[in-house]
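Some notes on the structure that comes next.
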Amino acid sequence: MAEHLKTPPQGPGKGILDTASRIVTVLVGIVETRVRLAVIELEEEKANIFQLLLMAGITLIFTAFGLMSLLVVLFWAIDPAYRLMAMGTTTGVLLFLAVVFGLWTLTKAKRSTLLSMTRKQLDIDRTLLEKDDE
């Protein structure tokens, strides 16, 4: 049996097909590069966030134990007649500081720049594609 030999397309459509094939190849390469960049950034951010959370947790534990010990010593040093007022004042100040730092943490978390380089590169790609369309 004779094998069918594939002949490349000929005629005026050949140039269009070759150009379309090259465009698709370039677009696939661009998408692959952007996805790899996003994956690398996500892996780095995941490791960074885990390390920061671990460090913050350990710091909070040691700080809490230190403050509790300091408060016990402080309350022992205060005259028994004023201990209740000192404990109430200390509790109020600590709760106020907890609310302030909690709000500060929330505002900082909202300003997170996750995948900033990927977004910047996608913006550059979009502007270049829009220039080509004009």
* Evaluated over segment 66-125, the Cα radius of gyration and Dmax, each in Å -> 21.9, 72
* Structure fact -> Expected unfolding gain across Ala109-Leu84 under the 0.36 nm per residue rule, minus the alpha-carbon gap, is 5.3 nm
* Asked: When the Karplus curve 6.51 cos²θ - 1.76 cosθ + 1.60 is applied with θ = phi - 60°, which whole-Hz ³J(HN,Hα) does each residue of segment 66-82 get, with x for Gly and Pro?
  -> x, 5, 5, 5, 5, 5, 4, 5, 5, 5, 5, 7, 7, 4, x, 5, 9
* Spin-label point model (7 Å from Cα, Cβ direction): what's the Thr33 to Thr91 distance in nm? -> 6.2
* Alpha-carbon centroids, segment 78-101 and segment 33-49: separation in whole Å -> 45
* Structure fact -> The size of the Cβ-based charge dipole (Lys, Arg +1; Asp, Glu -1) of the chain about the Cα centre, to the nearest 20 debye, is 300
* Within the chain, how many Lys pairs sit with Cα atoms under 30 Å apart, leaving out pairs fewer than 8 places apart on the same chain? -> 8
* To do: Give me the orientation-averaged projected area of the Cα convex hull of the chain, in nm², one decimal.
  => 16.7
* Can you give the calculated 222 nm mean residue ellipticity of the chain, where each DSSP H run of n ≥ 4 adds -39,500 (n - 2.57) and the sum is split over every residue, rounded to the nearest 500 deg cm²/dmol? -> -30500 deg cm²/dmol
* To do: Take Met117, project a point 7 Å from its Cα along the Cβ direction, then tell me which residues of segment 20-49 have their backbone nitrogen under 18 Å from it.
  => 30-49
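Taken together, the values in this text are just the output of simple stated rules run on the coordinates, not laboratory data. Values in this document were obtained by computation on a predicted structure and should not be read as measured data. Ideal geometry is used to build each Cβ from the backbone, glycine not excepted, and the neighbour counts take in all protein chains shown.
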